[in-house]
């Protein structure tokens with residue numbers, strides 16, 4: 001018998017939370033191509049369950065066999081971002097559909113009008129959401145920090161850029177650069193399709209500090225290009241490494257102010273960023289990043305510093321009301337798969 005339920009972190013015991021996180025971590029590794037430790041999400045959930053994210057689980061014979069979470073999106077409060085994983089032993093039996101039906105019924109009741117998700121292209125996951133609208137085609141790239149890539153980054157990092165220098169920091173931005181760093185981060189939305197994935201925000205110093213606080217459970221590294229005449233940040237790139245022995249780093253946002261583009265600053269900055277990351281986190285043997293397939297300039301920069309395509313992912317969306325919810329009995333049981 002298959003059952004579905006909302007999963008409450010505060011009410012779950014250590015074994016239940018570990019089981020939920022194990023299925024979740026395996027699904028994220030399958031989606032990203034990078035193995036993750038199940039202990040990392042468990043620690044984050046214990047530290048801050050009041051994050052506005054709702055979670056669910058499906059069980060067979062009492063064992064968790066599928067999990068999901070739904071995160072409200074800042075760029076559009078009516079959108080929830082879904083991560084749903086079915087353990088291999090429970091696939092192709094209706095488990096995912098049952099859990100999705102439960103989520104749609106409960107999320108719709110709380111004002112979630114549309115659900116978005118990432119799925120690997122050309123997989124059963126894509127077939128599962130075949131009726132959903134494709135919003136973006138995204139490329140997952142990996143930079144292996146081997147000898148050849150590091151040598152290439154050393155060569156690019158040595159390129160002269162008169163009037164500029166690259167600085168790096170961990171955790172909090174130095175006070176003198178926080179305001180201009182915030183202005184640069186506001187231009188992350190210049191990238192094609194970025195408005196579908198993140199909210200516009202006023203990047204003043206207070207917003208920068210709030211963003212830094214969101215990195216709990218991860219070690220933050222920022223590299224920035226400083227324009228020497230103005231002593232202001234004009235470009236920045238961001239990476240994180242999980243606190244618990246991660247073997248891969250995540251590359252996040254990269255932006256250069258419009259007046260300073262097309263001069264190779266992004267390539268120079270990101271090459272130096274790679275070297276700094278390798279110096280600080282030698283246990284991280286690779287870096288992964290997701291880039292919109294339409295963002296040709298960033299794809300070109302990434303190729304220059306050794307990123308290679310791992311797989312294509314699709315950002316898909318569907319109206320919550322369009323997801324079939326029939327057959328969910330009261331009491332939380334989903335249909336048999």
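The values are calculated or read from the model by the stated rules, or taken from the named source; none is laboratory data. As the structure is a prediction and not an experimental result, all values here were calculated from the model. In this analysis, Cβ positions are derived from the backbone assuming ideal geometry, glycine residues included, and neighbour counts consider all displayed protein chains.
Can you say whether residue 112 is touching a helix residue (DSSP H, G or I) at 6+ places or on another chain (Cβ under 7 Å) and in a loop (DSSP other than H, G, I, E, B), as far as the supplied structure shows? Yes, satisfied.
For the stretch 271-280, state whether one or more residues are in contact (Cβ under 8 Å) with a residue 40 or more places away in the chain, in contact with a helix residue (DSSP H, G or I) (Cβ under 6 Å, 6 or more places away or on another chain) and surrounded by fewer than 22 Cβ atoms within 10 Å (Cβ to Cβ). Yes, the conditions are met somewhere in the stretch 271-280. In the stretch 88-100, the residues that are farther than 14 Å from residue 123 by Cα form Cβ pairs under 7 Å with partners that are assigned to a helix (DSSP H, G or I), at six or more places apart or across chains, as follows: 96/128. Scanning the stretch 136-163 for residues that are modelled with pLDDT under 95, exposed (fewer than 15 other Cβ atoms within 10 Å of the Cβ) and closer than 21 Å to residue 288 by Cβ yields a single hit, 137. When 96, 182, 125 are screened for being in contact with a helix residue (DSSP H, G or I) (Cβ under 9 Å, 6 or more places away or on another chain), surrounded by 19 or more Cβ atoms within 10 Å (Cβ to Cβ), modelled with pLDDT under 90 and more than 25 Å from residue 304 (Cα to Cα), only 125 passes. May I ask you to list the residues in the stretch 156-198 that are in contact (Cβ under 8 Å) with a residue 60 or more places away in the chain and over 19 Å from residue 251 (Cα atoms)? Those that are in contact (Cβ under 8 Å) with a residue 60 or more places away in the chain and over 19 Å from residue 251 (Cα atoms): 159, 161, 163, 164, 165, 183. Among the conditions (1) within 21 Å of the chain's Cα centre (by Cα); (2) surrounded by 17 or more Cβ atoms within 10 Å (Cβ to Cβ); (3) modelled with pLDDT under 90, the only one that residue 243 does not satisfy is (2). Would you mind stating whether residue 131 is assigned by TED's automatic domain parsing to the domain that holds residue 97, at pLDDT 90 or above and loosely packed, with under 13 Cβ neighbours inside 10 Å? Judged against the criteria, residue 131 is a match.
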